[in-house]
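A.B. asks: Below is a structure I'd like to ask you about.
The values are calculated or read from the model by the stated rules, or taken from the named source; none is laboratory data. Because the structure is a prediction, the values reported are computed rather than measured. Here the Cβ positions follow ideal geometry from the backbone for every residue, glycine too, while neighbour counts run over all protein chains shown. In case anyone asks, the SASA skips ligands and DNA or RNA and just uses the protein heavy atoms, side chains included. Shrake-Rupley method; radii C 1.70, N 1.55, O 1.52, S 1.80 Å.
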Amino acid sequence: MAKRPWLPWLILAPSLLFLLLFTWFPLVRSVYDSLFDTRMAGDAGAYVGMGNYVRLFADPVFWKSLVNNLVYILLTVVPGVTLALLLAVALWENHRINRWLRTAFFFPMIIPMVSAAALWLFIFMPGMGMLDYYLAKLFGPMNNNWLGRSNSALYALALIGVWKFAGYYMLFFLAGLQSLPSSAREAAIMEGATSWQVFFKVTLPLLRPTLSFVITTALIYSITQIDHVAVMTRGGPDNATTVLLYYIQSLAWDTHDLGKASAATFLTLAGLFVFSFVNLKLLERGAHHER
């Protein structure tokens, strides 16, 4: 049979086309648009070089949104991934009850973020919400404006992020756990290792490729999923919940400052790419095992 070196490229052509149209072209376009100030000459814009980046770095709201996003990442990625791993270990055994529980924990992922935000608005409602209702049973009458105070609004949004995505990450850990070779754990148990030692010394190191993928996915979601911010707080109060993507959206849609929004977009994507690359390299180092 004659070799056809063009066949792999033909098979990959549709995927490459979509990658070019919806990933690389927008990235290149954002870099191009960041060099023009559309406020100065309508849609055509005037070439300002690095002027939009200078204005961006001089904007205190940008730095506030950056700090908010870093805090939001810590509040969602760390507890979300940890909870997902614990759930996967607890529901590792494949029997009927565990299958029902897996479905229950995965269910929030099915709910659109806008619908989830509307649901949690009732939970966080001051005085009459479910959260204040049950807190009142323990600590007396409550009237907490969780979403209206700058010191609690971001934590409330982070709670929604953990609730929605932990069950989704759990599925990846379950797949990773079920694919691990049992010989390594059995050998450790025969040598007298405790269950904690087996988990931290054997199971967790073998899960590093899965852990790397889940952390990278969680990081992307923590930056790109902002529907609940738009529905519940709109970046307030006093920009306490303004994260990077919502800040970019506000620049583009509210002030029509497309040059500055493009500069912020490019920096966000560049930072996300660098972090993801470093994360994959660090966590996958020495993580391969024999089947």
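A.B. asks: If each residue of separation counts as 0.36 nm, what is the full-extension length gain between V71 and T103 once their alpha-carbon separation is subtracted?
C.D. replies: Residue separation times 0.36 nm, minus the Cα-Cα distance, leaves 8.5 nm.
A.B. asks: Place a +1 charge on the Cβ of each Lys and Arg in the stretch 115-252 and a -1 charge on the Cβ of each Asp and Glu, then give the dipole magnitude about the Cα centre in debye, rounded to the nearest 20.
C.D. replies: On the way: 7 positive and 5 negative charges, 6 e Å.
Approximately 20 debye in magnitude.
A.B. asks: Calculate, for the chain, the solvent-accessible area per residue in square angstrom, rolling a 1.4 angstrom probe over the heavy atoms of the protein chains.
C.D. replies: Per residue, the chain has an accessible area of 60 Å².
A.B. asks: Membrane-span-like helices in the chain: DSSP H runs reaching 30 Å or more (Cα, own axis), mean Kyte hydropathy at least -1.0?
C.D. replies: Membrane-span-like by this criterion, though nothing is claimed about a membrane: 60-90, 153-178, 258-284.
A.B. asks: Ok, one more. Give the distance, in whole Å, between the Cα centre of the stretch 107-128 and the Cα centre of the stretch 130-199.
C.D. replies: Value for the Cα centre distance between the two parts: 18 Å.
A.B. asks: At 1.4 Å probe size, put F277, F199 in order of accessible surface, largest to smallest. Walk me through the numbers before you get to the answer.
C.D. replies: Values: F277 110, F199 40 Å².
Result, largest first: F277, F199.
A.B. asks: Give the carbon-plus-sulfur fraction of the accessible surface of the chain in %, rounded to a whole number; probe 1.4 Å, heavy atoms of protein chains only.
C.D. replies: C and S atoms contribute 70 percent here.
A.B. asks: A further question follows. Using +1 at the C-beta of Lys and Arg and -1 at the C-beta of Asp and Glu, which of Q225, L211, G127 has the Cα lying farthest in the positive direction of the dipole of the stretch 94-228?
C.D. replies: Final value for the positive-end residue is L211.
A.B. asks: Quick one: grab the alpha carbon gyration tensor of the chain, order the square roots of its eigenvalues as a ≥ b ≥ c, and give me rounded if a/c is under 1.5, else prolate or oblate depending on whether a/b is larger than b/c.
C.D. replies: Because a/c hits 1.5 or more and a/b fails to exceed b/c, the chain counts as oblate.
A.B. asks: Charges only on Cβ, +1 for Lys and Arg, -1 for Asp and Glu: so what's the dipole of the chain about the Cα centre, in debye to the nearest 20?
C.D. replies: 600
A.B. asks: Any chance you could look up the accessible area of L244 with a 1.4 Å probe, heavy atoms only, rounded to 10 Å²?
C.D. replies: 20
A.B. asks: Could you check the spin-label model distance between F275 and Q249? Points 7 Å from the Cα along Cα→Cβ, value in nm.
C.D. replies: 1.8
A.B. asks: For the stretch 182-291, which GluC sites (Glu not before Pro) are in a loop by DSSP, counting at most 13 other Cβ atoms within 10 Å? Don't jump to the answer; show the numbers that get you there.
C.D. replies: On the way: sites: E186, E191, E284, E290; in loops: E191, E290.
Sites meeting the loop and neighbour criteria: E191, E290.
A.B. asks: Here is a further query. Shape verdict for the stretch 89-147, please, from the Cα gyration tensor: rounded (a/c under 1.5), prolate (a/b greater than b/c) or oblate.
C.D. replies: Numbers: a/c = 4.36, a/b = 1.87, b/c = 2.33.
Since a/c reaches 1.5 but b/c is at least a/b, the shape of the stretch 89-147 is classed as oblate.
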